[in-house]
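J.: Let me give you the structure first, and then I'll get to my questions.
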Amino acid sequence: MSEETTVEGGSPPQTPQTGPTQAPAITKPVLIGRKLGMIQQFREDGSVVGTTVIAAEANVVTQVRTKERDGYSAIQLGFGRPKKKRLSKGALGHLKQLPPLEHLREVRLDDVAGFATGQEIGVDRFAAGDKVHVSGVSKGKGFQGPVHLHHFTRGPKSHGSDHLRRQGSVGSGTTPGRVLKGLRMASHQGADRVTVRNLQILKTDPSRALLFIAGAVPGGRNGIVMVRKA
Amino acid sequence: MPMNDLLNTLASEQTKADLPEVRPGDTVRVSVRVVEGNRERVQNFEGTVLRVRNGGLDKQITVRRISSGVGVERTFLMHSPRVEKIELVRHGHARRAALYFLRERVGKAATLREKRR
């Protein structure tokens, strides 16, 4: 996937509070979270939905990148509260006065006015009914044969078959004398960055920093995912 | 809190605490909310419990009754918000977990001895 997350301009900064200021509202909020797993959820009409629970304790703005200095404008978000000793000195130096943060991601924004390091972005940016895109790293499947990976048809099981799970022919003979590029073959499967689009938020739980999303989300439990508004 | 515990907590928050202990053979009255056109009303369904399926949030009972001469079976998710109330009417004496043999029986043969508990 090429350039991710182009987010539209933000509104002017809100009134500053004590300590770090409030991060400005953006039309398409983004959040880093951790996939906790899936549960079932009753809808009001009695139907049951498979629901992914994502824990997303407040993301901290760790850096603001501007067009003038960095050539592009973005904010860098940090997530996860590791022990201080788990981070390298370099990482701690980057975070300076901020609490130790494990996962850093950049979010491209056209307008970063009002953002400053130390601001927090929480689950309250999302509301029930919002459509979101969720990106994460899918479960790794290892090196897989053509049957599993590309749904090729298997060969005969018996009568001396040596073709049970092999692919068929890979091309002609002397002409062209080579195998065409891009032919589907056995390969590594999974562990790719995958985005599932237009999932619906069923509800949010700001007190526990949880997002409930209808449907499945890439990756296994405890995988780091990015949630952004569609 | 370990993550799995949190998931279990979240799931159990949706369960109903006041459900009666229902067993196969019992006679129950289930009050279900049904939508008719644009209004909602509560419908009662009374019959014999053919089987109980446990599964936490998924806990189901299958209830069989004879409605105007036709056998009708409905399966309810006990924790569903559409199921208003489940009342125990009578304890039946059943020696197996799934009472499918009742489907072949008509009239008095389809009744079970009452069991005192």
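J.: Name the residues in segment A:46-65 that are more than 7 Å from chain B (Cβ to nearest Cβ) and either closer than 18 Å to residue A:132 by Cβ or of a type in the set (D, E, K, R) (or both), would you?
T.: Correct list: A:49, A:50, A:51, A:52, A:54, A:55, A:56, A:57, A:58, A:59, A:65.
J.: Same structure, new question: Can you tell me which residues in segment A:97-134 are under 17 Å from residue A:206 (Cβ atoms), hydrophobic (A, V, I, L, M, F, W, C) and buried (at least 18 other Cβ atoms within 10 Å of the Cβ)?
T.: A:121, A:123, A:126, A:132
J.: Residue under question is residue A:89, and the condition is that it be more than 19 Å from residue A:33 (Cα to Cα) and more than 22 Å from the chain's Cα centre (by Cα); does it hold?
T.: yes
J.: Same structure again: Checking residue A:24 against (1) within 14 Å of chain B (Cβ to nearest Cβ); (2) in a loop (DSSP other than H, G, I, E, B): exactly one of these is not met. Which one?
T.: Here residue A:24 meets the rest and fails (1).
J.: So which of A:158, A:207 is of a type in the set (Ser, Thr, Tyr) and more than 14 Å from chain B (Cβ to nearest Cβ)?
T.: The conditions single out A:158.
J.: Within segment A:97-135, which residues are of a type in the set (S, T, N, Q) and under 17 Å from the mean Cα position of the chain (by Cα)?
T.: Result: A:135, single match.
J.: Here's a follow-up. Looking at A:201, A:224 in this structure, which one is within 14 Å of chain B (Cβ to nearest Cβ), surrounded by 12 or more Cβ atoms within 10 Å (Cβ to Cβ) and modelled with pLDDT of 90 or more?
T.: Going through A:201, A:224 in turn, the sole match is A:224.
J.: From the list B:14, B:43, pick out the single residue that is of a type in the set (S, T, N, Q) and facing chain A (nearest Cβ under 10 Å).
T.: After applying the criteria, what remains is B:14.
J.: So how many residues does segment B:30-52 have that are within 20 Å of residue B:71 (Cβ to Cβ) and of a type in the set (Ser, Thr, Tyr)?
T.: 1
J.: Does any residue of segment A:106-122 turn out to be assigned to a strand (DSSP E or B) and under 30 Å from residue B:55 (Cβ atoms)?
T.: No: segment A:106-122 contains no residue that is assigned to a strand (DSSP E or B) and under 30 Å from residue B:55 (Cβ atoms).
J.: Name the residue, out of B:33, B:51, B:23, that is at the interface with another protein chain (Cβ under 10 Å from one of its Cβ atoms), out of contact with any Gly (no Cβ under 7 Å at 6 or more places or on another chain) and surrounded by 13 or more Cβ atoms within 10 Å (Cβ to Cβ).
T.: B:33
J.: Quick one: would you say residue B:92 is farther than 22 Å from residue B:15 by Cβ and surrounded by 15 or more Cβ atoms within 10 Å (Cβ to Cβ)?
T.: Taking the combined requirement at face value, the residue satisfies it.
J.: Residues of segment B:56-77 being part of a loop (DSSP other than H, G, I, E, B) and either at pLDDT 90 or above or exposed (fewer than 14 other Cβ atoms within 10 Å of the Cβ) (or both), which ones?
T.: Across segment B:56-77, the qualifying residues are B:68, B:69.
J.: How many residues does segment B:1-20 hold that are surrounded by 13 or more Cβ atoms within 10 Å (Cβ to Cβ) and without any contact (Cβ under 8 Å) to a residue 24 or more places away in the chain?
T.: Of the residues in that region, 5 qualify.
J.: So for segment A:34-44 (the condition being touching a residue at least 24 places away in the same chain (Cβ under 8 Å), under 26 Å from residue B:34 (Cα atoms) and either away from chain B (no Cβ under 13 Å) or among the β-branched types (Val, Ile, Thr) (or both)), does at least one residue qualify?
T.: no
J.: Right, another one. Pairs needed: first member in segment B:91-111, more than 15 Å from residue B:63 (Cα to Cα); second member anywhere, among the aromatic types (Phe, Trp, Tyr); C-beta distance under 6 Å; at least 6 residues apart or different chains.
T.: none
J.: Sticking with this structure for a sec: Residues to consider are A:73, A:88; find the one that is surrounded by 15 or more Cβ atoms within 10 Å (Cβ to Cβ), of a type outside the set (A, V, I, L, M, F, W, C) and away from every other protein chain (no Cβ under 14 Å).
T.: A:73
The values are calculated or read from the model by the stated rules, or taken from the named source; none is laboratory data. Everything numeric in this text was worked out from a predicted model, so none of it was measured. Note that we place each Cβ from the backbone using ideal geometry, even for glycine, and neighbour counts take in every protein chain shown.
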